[in-house]
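Structure first, then comments.
The values are calculated or read from the model by the stated rules, or taken from the named source; none is laboratory data. Since we're looking at a predicted model, the values are computed, not measured. A quick note on method: Cβ atoms are made from the backbone with ideal geometry, for glycine too, and the neighbour counts reach across all protein chains shown. With ligands, DNA and RNA removed, areas are computed over all heavy atoms of the protein, side chains included. Shrake-Rupley method; radii C 1.70, N 1.55, O 1.52, S 1.80 Å.
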Amino acid sequence: MKIYVCVKHVPDTAANIRPLGGTAFDETVKFIMNPYDEYALEQALRIRESGSGAEVIAVTVGKEVATSTLRTALAMGADRSILVKTDAYFTDSVETGRLLYRAISLDGFPDLILTGRQSVDTEGMQIPYRLGVLFDMPVAVNVVTFSMVEGRVTVEREIEADVREVIEMTTPCVVGAAKGLNQPRCPTLPDMMKAKKKEIRVIPQADLGFPPPIPTVELLGLQAAPDRGRGTILEGDPEKMVRELLRLLREEAGVL
Amino acid sequence: MARIGVLIEAKGGEVKKTTLGALAAARRDPGEVYALLPEPNAEACHGVLRQYGADRIVTIRTPEADISPFPDVQAAALAAAIDRFQLDALLGVSGQAGRDLLARIASIAGAPLVLDCLDIDFPSGTVRKSHFSGKTTATLRLNGRPWILGIRPNIFPEKIDPRHGDIVLYEAPVPTSKRLVIREVKQGSSGGPDVSEAEIIISGGRAVGSAENFRILKECASVLGAAVGASRAAVDAGFASHALQVGQTGKTVSPRLYIACGISGSVQHFAGMKTAKVIVAVNNDLDAPIFQKCDYGLLGDLFEVVPALTRALAPAQAK
Ligand SMILES: Cc1cc2nc3c(=O)[nH]c(=O)nc-3n(C[C@H](O)[C@H](O)[C@H](O)COP(=O)(O)OP(=O)(O)OC[C@H]3O[C@@H](n4cnc5c(N)ncnc54)[C@H](O)[C@@H]3O)c2cc1C
Ligand SMILES: Cc1cc2nc3c(=O)[nH]c(=O)nc-3n(C[C@H](O)[C@H](O)[C@H](O)COP(=O)(O)OP(=O)(O)OC[C@H]3O[C@@H](n4cnc5c(N)ncnc54)[C@H](O)[C@@H]3O)c2cc1C
């Protein structure tokens, strides 16, 4: 049994993202494994450890630096990993989906593909669905519980505040993990040492066939999103403050 | 002339308000607007769709009577409709349900997809979207047709714009394979409206202090017609369920009014609510960072201010 886990190398969510004009931003910030992908990987490891003996393979599409995220995946317990090496930070989602599909197909036959529910950097929210169509597998995303019994996967996915769909799928299938699915493990120092000996297979993007000449989505520009300024501060007696607030909301802001 | 499809979401025969915003967004293009309506919702929605700008109302019928447990089948039917009516774009609402369906449709169609759009410019084929948890916005150009776009709920206000709304019945061919089925929809305990599409939200932070104390926010929410949200600190402390969490690792919301009570205003919290039209902060510390990036700040104890707000609104509601 082979489980492929798609992991993305993303800027730390606490990092300050500084656009540098055009489509560039300051990439010297700290990068980490996309947090949702940790839940995906943890799930794969649990399936392996539950006696299935699955092989867990972490796959990423990214620049050479994305190797560090694969190292993290290997330290957490992935058996081996694949880097589809690109030159640019930007590859559109259709192309990223195609590259993941090609790379995984080249490597083996997936019994299960796990991803995060979304990338925290670019928030495209579509790779698992694209993989589903390319591999011709059913897909469920935003998954908070998972079980697999005799070739059927049952998951719960959150759809609204405290409303969950219980979904049943045939395998192989694609599952997009959300927070709450499990508690991802933290690699120890020995884990990190062991990871250094594990395989990172590098596949240059060009080896996986040419992308279409015009990308389906192009990034034209990146701007910092301004915060609003200091608000009008009211103080004093709560009843009076509230009355003044309601007047402002009705008359000045027009939102009530 | 361009043909813009709009994915209609309805509940109990009533078109969702956020969907009317998607119709208004589609109407910014001078082309023809097609409202795509899965059959079980049909009849009752026609009037509203005409009033809010639908040139045509495509009722989608499938061989199977109820396809609601089969998202794959729904997506295939909608992708087929895009093809049949040669739509240049499909717009929907980037809520939890719309997101899933739009991504399925775009994948089947092999089409470009941008979810959570903050703005759409049809002539240039560009959209604006926020990234990096709200720290930047990007301009993206879509090439190739059809464009599949999800708009952030409540960003586009609905607009009355009466049109003919001719009814077209479309029998969609769909796959019969049932590899994925929704067995059950489980309703949790918290109840109340969902934050992601709410127009008014009142959220509580660490300072609320307990699950029991969240009651004062719920009371206020019910007179305001608001949904209740929470900061991560409040969720981690067990005061509120994760489903209510607003922020980078919770929901992204864009209400008309967001009232943050006992929330300090962390970058991660703002990532989820900075596109709210108006932000009100209730905090007892004048140095709280949230006062530096809100519209109105109330300096005071939330345990006094929130009940006062509830009382001030209650008589208005009673009338
Ligand atoms: C500022 C900016 C905005 C962008 N906006 C768009 C856009 O609106 N539409 C579009 O088509 N493209 C867009 N892209 C390109 C897109 O980010 C990349 O194609 C990216 O690799 C896929 O990201 P996503 O956000 O679509 O991923 P999502 O679909 O949100 O990611 C879900 C899961 O897929 C897996 N995954 C995603 N990317 C990778 C990867 N590179 N390697 C391994 N696993 C991965 C992970 O498990 C992840 O949790 C944008 C890029 C930038 C820099
Ligand atoms: C990777 C990552 C992801 C995160 N994701 C999220 C997320 O999705 N959402 C989120 O919210 N946070 C998130 N956080 C956490 C975030 O950094 C903050 O820790 C959190 O938002 C703080 O919550 P708070 O404002 O409720 O609590 P605090 O920061 O403790 O603020 C409490 C506030 O209440 C005020 N106060 C105290 N008593 C009263 C009173 N009686 N009346 C009025 N005001 C009072 C205080 O002055 C203070 O400003 C994330 C953090 C990380 C690292």
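Considering only residues of segment A:127-145 that are touching a Lys or Arg at 6+ places or on another chain (Cβ under 9 Å) and more than 10 Å from every other protein chain (Cβ to nearest Cβ), which is most open to solvent (accessible area, probe 1.4 Å)?
Selected residue: A:Thr145.
If I filter segment B:146-175 down to residues being within 14 Å of another protein chain (Cβ to nearest Cβ) and surrounded by fewer than 16 Cβ atoms within 10 Å (Cβ to Cβ), which single residue comes out as nearest to ligand 2 (Cβ to nearest atom)?
B:Pro157
Since A:Asp26 meets every condition but one in (1) touching a residue at least 40 places away in the same chain (Cβ under 8 Å); (2) away from ligand 2 (no atom under 16 Å from the Cβ), which condition does it not meet?
Result: A:Asp26 passes all but (1).
Could you please find all residues in segment A:77-109 being assigned to a helix (DSSP H, G or I), of a type in the set (A, V, I, L, M, F, W, C), farther than 19 Å from A:Pro213 by Cβ and within 14 Å of ligand 1 (Cβ to nearest atom)?
Across segment A:77-109, the qualifying residues are A:Leu100, A:Ala103, A:Ile104.
Per-residue answers, yes or no, for (1) aliphatic (A, V, I, L, M); (2) open to solvent by 10 Å² or more (accessible area, probe 1.4 Å); (3) under 19 Å from A:Asn142 (Cβ atoms):
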residue: B:Ala230; (1), (2), (3): yes, no, yes
residue: B:Lys251; (1), (2), (3): no, yes, yes
residue: B:Ile259; (1), (2), (3): yes, no, no
residue: B:Val267; (1), (2), (3): yes, yes, no
residue: B:Gly272; (1), (2), (3): no, no, yes
residue: B:Val282; (1), (2), (3): yes, no, no
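Can you find a residue that is open to solvent by 30 Å² or more (accessible area, probe 1.4 Å) and in contact (Cβ under 8 Å) with a residue 60 or more places away in the chain anywhere in segment B:118-131?
No: segment B:118-131 contains no residue that is open to solvent by 30 Å² or more (accessible area, probe 1.4 Å) and in contact (Cβ under 8 Å) with a residue 60 or more places away in the chain.
In the set B:Ala312, B:Ala233, B:Ala240, which member is more than 8 Å from ligand 2 (Cβ to nearest atom) and assigned to a helix (DSSP H, G or I)?
B:Ala312
Is it true that A:Ser93 is in contact (Cβ under 8 Å) with a residue 12 or more places away in the chain, out of contact with any Leu (no Cβ under 6 Å at 6 or more places or on another chain) and of a type in the set (S, T, N, Q)?
yes
With respect to A:Ile200, is the statement that it is touching a Leu at 6+ places or on another chain (Cβ under 8 Å), more than 14 Å from every other protein chain (Cβ to nearest Cβ) and open to solvent by less than 50 Å² (accessible area, probe 1.4 Å) true?
Spelling it out, A:Ile200 is indeed touching a Leu at 6+ places or on another chain (Cβ under 8 Å), more than 14 Å from every other protein chain (Cβ to nearest Cβ) and open to solvent by less than 50 Å² (accessible area, probe 1.4 Å).
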